[in-house]
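Here is the structure we will look at.
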Amino acid sequence: MGKSMFEMSRMRTLLLLVVVPALFFAECLFAESKTPSLGYTGAPTDHGGQNCSTCHTGSPLNDPSGSLQVTVSGYVPTIQQLIHIVVKSPIASRWGFQITIREQTDETLSSGTFSIPSTMTSTVQVACDDGSQYGTPGPCASNITRQFAEQLNAPKGVMGAAYEFDVLWMPPDQEVGRLEVYVAAVAANGDGTPDGDRVYTYSQPIANAGGCDFSKAPALQNLVNGASFLQPVSSGAMVSLIGTGFQTPGRLRSAGLGDYVNGAYPTELGCLSVEVTGPGVTQPVMLPIAFVSYTQINAQMPQFSGAGQVNVTVLLNPGLPNQIPSDVGMFNTLQPFAPAFFVFANSMSIAAEQAGTASLVADSSVVAGASPAKPGDIVSLFGTGFGDTNPSITAGQFATGAATLVNPITVTIGTAAVPASDVLYAGLSPGSISGLYQVNVRIPSTAPSGEVPVTISIGGAETQAGATIPIQ
């Protein structure tokens, strides 16, 4: 079984409130010049996005009389670059900075590794989130998730002049989408206290600037429903393309915040695109892509008109002179509806949760920490291929609110059809890609116990046989 959309993150963001102890202010007074407190660059996942102005007070942030300039360029995997940092202020005689580079997809993770140029060993140090390796050339140990480069001993300079720092940065060995560079710098007045110092901040996204270098054509073998891994497929549905050579062996690439384009899923991911034509779509359309591995692509179909054949081409190095297409895959499997449930890994247990919560509905042997549903519970069932909604949401976009099915459905639990009054919502899953559907249904009081079959029919088509939910 391949990797389903439901196994990937459903866009849930946990907001962490960080309380800074009062003792921290005293630490600012005595320790900042040599070993600054970690995580005060303005990165939003560190201390709630605080920067050096947490300690260094008395002047407005980014005072216009001074400046912070950072020279950094788009990254090329495994090609080291020199990052140049210049801090300037008319009142300053001592200087400091801290820099971190994070993946936009998960800003709790640093990207790449810092090290120190030979000319900077007395003024710059690498610091890891466990406090290790101060004053060493770096990089941090491989199990360290966050790392920084920063000043060593707050070097002295000429009052009012600029001070320059250099840091070496080795990007990750593969492209990981957009990254975000965070820098906070201090221009200190040298009076031995944090009062009256100037603090400057900088943040900048950087993208992969390296060329895509696949050299062998991918082999496309099949196009299947992205939930059931069966045929048929339909307009707007999540689909999986099966084959080989879509990525380097062993690499898994999921779309995330660092890949979204204008708030939508990308049509290029991991140096790969997919184009398709079909009924009513005579010019190639690029599919929004959610996941790609060596053998599988998860993507979303566009809106076609009617049923029939779809023609699919996988492109490596898309849009470049070395673009490599697969042979065209011709699949006569497009239908108006292709309803199917997502299921939990290695099971036929429908991907479900208690409606309005993150409590998964499954046997604990299938998903650790999950529990069965009970009669009377309202359960959300997740699937794809249920057709048009009102409002209609373009492929690749997020459903920002309710978008209900245009066509009626029938839900059967066990052998009994669920009354329409107990189908409380049927449509796109709010906050998710527009190919993910959600049906909220009340479990009948008469439902049997055990792994109970569930089906949903729409427009003469029915979800896959054998899909169940546990009821006790």
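The values are calculated or read from the model by the stated rules, or taken from the named source; none is laboratory data. Just so you know, these numbers come straight off a predicted model, no measurement behind them. All Cβ positions, glycine included, derive from the backbone under ideal geometry; neighbour counts span all protein chains shown. For the accessible areas, the whole protein counts, side chains as well, though only heavy atoms, and no ligand, DNA or RNA atoms are used. Shrake-Rupley method; radii C 1.70, N 1.55, O 1.52, S 1.80 Å.
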### Message
In whole Å, what are the extents of segment 181-297 along the principal axes defined by its C-alpha atoms, from largest to smallest?
### Response
73, 31, 28
### Accessible area expressed per residue, segment 116-204, with surrounding protein chains retained (probe 1.4 Å, Å²)
41 Å²
### Query
What do you get for Rg/Rh over segment 258-304 if you use C-alpha atoms and the Kirkwood form of Rh?
0.98
### Summary
Once ALA207 and ILE144 are pulled to full extension, the length gained, defined as 0.36 nm per residue separation minus their Cα-Cα distance, is 20.4 nm
### Query
What Kirkwood radius, in Å to one decimal, follows from the Cα pairs of segment 360-433?
14.3 Å
### Task
Kindly provide the pair-distance distribution of segment 212-355 built from C-alpha pairs, with 5 Å bins from 0 and whole-percent values in order of increasing distance.
2, 10, 19, 23, 20, 15, 8, 3, 1, 0
### Query
Any idea which of ILE144, ALA461, GLN69 is furthest toward the positive side of the dipole for the chain, if Lys and Arg beta-carbons carry +1 and Asp and Glu beta-carbons -1?
ALA461
#### Entry: Straight-distance crosslink candidates among aspartates and glutamates, where the alpha carbon sits under 20 Å from LYS156 and sequence neighbours closer than 8 are dropped
GLU32, GLU164, ASP166, ASP191, ASP195, ASP197
### Added length on full extension, which subtracts the Cα-Cα distance from 0.36 nm per residue, SER65 to ALA162
33.7 nm
### Query
Can you give me the relative contact order of the chain as a percent, contacts being Cα pairs under 8 Å and 6 or more apart?
13 percent
### Task
Would you be so kind as to identify which of ALA92, ALA299, PRO336 lies farthest towards the positive end of the dipole of the chain, taking Lys and Arg as +1 and Asp and Glu as -1 on Cβ and the Cα centre as origin?
PRO336
### Task
Please get the size of the charge dipole for the chain, origin at its Cα centre, with Cβ charges of +1 on Lys and Arg and -1 on Asp and Glu, quoted in debye to the nearest 20.
280 debye
### Query
Per residue and in Å³, how big is the convex hull formed by the alpha-carbon atoms of segment 194-256?
224 Å³
### Query
Among the aspartates and glutamates, which fall within straight-line cross-link reach of LYS374, defined as a Cα-Cα distance under 14 Å, with same-chain neighbours fewer than 8 residues apart omitted?
GLU353, ASP363, GLU451
### Query
Ignoring any ligand, DNA or RNA, what whole percent of the accessible area of the chain comes from carbon and sulfur when the probe is 1.4 angstrom?
54 percent
### Task
Could you do me a favour and compute the accessible area per residue for segment 380-472, 1.4 Å probe, result in Å²?
40 Å²
### Query
Can you pull the three principal axis extents for the Cα set of segment 313-408, in Å, largest first?
57, 34, 27
### Average accessible surface area per residue within segment 215-332, 1.4 Å rolling probe, Å²
38 Å²
### Message
Give me P(r) over the chain, computed from all C-alpha to C-alpha distances, binned every 20 Å, as integer percentages.
### Response
22, 42, 29, 7, 0
### Query
Along the Cα-to-Cβ line of THR400, 7 Å from the Cα, sits a label point; which residues in segment 424-468 have backbone N less than 16 Å from it?
429-434
### Additional length obtainable on full extension of the chain from SER122 to ASP195, 0.36 nm per residue less Cα span
23.7 nm
#### Entry: Per residue Cα convex hull volume in Å³ - calculated over segment 430-472
117 Å³
### Message
Viscosity 0.692 mPa s, temperature 37 °C: give me the Stokes-Einstein translational D for segment 114-254 in µm²/s, with Rh taken as the Kirkwood radius over C-alpha pairs.
### Response
165 µm²/s
### Query
Rg/Rh for segment 332-472: what does it come to with C-alpha atoms and Rh from Kirkwood?
0.95
### Options GLN104, VAL176, ALA237, ranked by Cα towards positive dipole end of the chain, top entry (Cβ charges)
ALA237
### Query
Any idea how far the Cα center of segment 412-469 sits from the one of segment 212-254, in Å?
27 Å
